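Each remark here refers to the structure printed beneath this line.
The values are calculated or read from the model by the stated rules, or taken from the named source; none is laboratory data. Please read all numbers here as calculations on a predicted model, not as lab measurements. All Cβ positions, even for glycine, are placed from backbone atoms using ideal geometry, and neighbour counts span all protein chains on display. Please note that ligands, DNA and RNA were not included when accessible areas were found on the heavy atoms of the full protein model with its side chains. Shrake-Rupley method; radii C 1.70, N 1.55, O 1.52, S 1.80 Å.
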Amino acid sequence: VQSGSTIGVEAACQRKPVVEYANYVVFGNWERQTGSREYPLVGMQAAEQIYADPVELSHLLKVFRPGGGRLWNQEKVFPKPAERGAAVKAIVSALQELCR
């Protein structure tokens, strides 16, 4: 459970349920800043968003039950590399390209 943080991205990459939570005031501020009432992970369907003040326990239980939430889409949005070391190879390649 978090609110518009990179912690949610890290959790989604690890296939953990992510709940984007804030009260109506926070979401109102977010909407004024971005034009959307939806956090990016929610738009990608990799997290659930809760507006409630207070949060209903039944909704949290639905998200955190085994197989619940948006785990199916986390794999699509944040795929695991096909081979070990793929991220390091991509970083090295990008740095080499910048040095040319």
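Per-residue Karplus couplings for segment 22-38, computed as 6.51 cos²θ - 1.76 cosθ + 1.60 with θ equal to phi - 60°, are listed in order as 6, 7, 4, 5, 5, 5, x, 5, 4, 5, 5, 6, 10, x, 9, 9, 10 Hz, Gly and Pro entered as x. Surface composition of the chain: carbon plus sulfur atoms contribute 59% of the solvent-accessible area (1.4 Å probe, protein chains only, all chains present). Around the amide H of Val18, modelled in the peptide plane, lie the amide H atoms of Glu48, Arg70, all under 5 Å away and 5 or more residues distant in sequence or on another chain. Helical runs (DSSP H, four residues minimum) scored at -39500 (n - 2.57) apiece and divided by the length of the chain put the mean residue ellipticity at 222 nm at -14500 deg cm²/dmol. Simple spin-label estimate for Phe64 and Ser5 gives 1.6 nm between the two label positions (7 Å along the Cα-to-Cβ direction from each Cα). Counting every pair of alpha carbons in the chain, the share spaced more than 24 Å apart comes to 36 percent.
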